[in-house]
1. Determine the principal axes of the Cα atoms in segment 130-191, then give the extent along each, sorted from largest to smallest and rounded to whole angstroms.
2. How much length, in nm to one decimal, is gained on full extension between Thr154 and Asn129, taken as 0.36 nm per residue of separation minus their Cα-Cα distance?
3. Provide Thr167, Thr52 in ascending order of the number of other Cβ atoms located within 10 Å of each residue's Cβ, fewest first.
4. Within the chain, what percent of beta bridges assigned by DSSP are antiparallel, to the nearest 5?
5. Among 79-86, 115-122, how do they line up from the highest to the lowest mean number of other beta-carbon atoms within 10 Å?
6. By counting other Cβ atoms within 10 Å of each Cβ, how are Ser5, Ser78 ranked from fewest to most?
7. What dipole magnitude, in Debye to the nearest 20, does the chain give about its Cα centre under +1 on Lys/Arg Cβ and -1 on Asp/Glu Cβ?
8. Could you put Val146, Val69, Val50 in order, starting from the residue whose Cβ has the fewest other Cβ atoms within 10 Å?
Amino acid sequence: MELYSLTYVVLAAGRSARMGFDKVIQPLAGRSPLERVVAALGTRNVILVVPTRLVHRAVRIAPNARIVVNDEPERGMSHSLRLALELIGQDAHFGVVPADLVGMTQTTLARTEALLHDGIDVAYPLDGNGVAGHPVLFSPGMRRVVEELPDGDTLRMARDSNCKRATWICPDTSAFLDIDDPVAWKAFADA
């Protein structure tokens with residue numbers, strides 16, 4: 001599959017309630033989580049979903065991304081993804097990456113992209129215990145499934161739906177390491 005037919009949606013519209021600050025733009029060991037994800041994505045097509053309060057920072061961090069505003073974070077990731085899909089062509093593949101995946105790498109993205117070929121509906125990495133990570137890539141045929149998801153953090157429902165999946169075992173933490181609470185934030189900063 002050629003990359004021009006794939007658009008990544010970076011989800012950065014969460015409330016960061018457990019953190020008490022906008023974690024995706026806060027420097028962490030020199031670079032914010034969002035800066036790390038954007039660097040890994042390189043020149044790929046990116047739509048960045050953020051709340052209004054982060055638009056200006058998002059434009060500086062990801063000047064080549066298209067920005068979508070979601071000021072209803074309580075509606076969850078599936079709502080953010082539906083907003084982004086409005087900017088993605090009906091025949092395009094799309095991928096999902098949370099903005100707090102501080103270890104995301106170009107290698108992890110490329111290995112997952114390599115799985116998304118004819119007949120594959122969903123591609124994503126797994127850890128050694130079978131736990132799914134990111135990115136999660138969807139074929140155009142999965143668009144309706146995603147658009148019909150209920151509000152909430154329900155993307156796994158689309159990932160695990162009755163479809164043809166391709167996975168690979170990711171040997172490092174790049175597909176899994178997110179920063180969800182102050183303890184994890186401090187641990188990463190101190191490492």
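All of the numbers you see were taken from the coordinates with simple rules; none came from a lab. A quick note: this is a predicted structure, and the numbers were derived from the prediction, not measured. All Cβ positions, glycine included, derive from the backbone under ideal geometry; neighbour counts span all protein chains shown.
1. Taking the Cα atoms of segment 130-191, the three principal extents are 43, 28, 17 Å.
2. Details: separation 25, 0.36 × 25 = 9.00 nm, distance 2.12 nm.
Taking 0.36 nm per residue and subtracting the Cα distance, the gain is 6.9 nm.
3. On the way: Thr167 15, Thr52 10.
Ranked by crowding around the Cβ, least crowded first: Thr52, Thr167.
4. 30 percent
5. Values: 79-86: 20.6, 115-122: 16.0.
Result, highest mean first: 79-86, 115-122.
6. Numbers: Ser5 15, Ser78 22.
Ascending number of Cβ neighbours within 10 Å: Ser5, Ser78.
7. Numbers: 20 positive and 23 negative charges, 70 e Å.
Approximately 340 debye in magnitude.
8. Numbers: Val146 23, Val69 16, Val50 31.
By the 10 Å Cβ count, ascending: Val69, Val146, Val50.
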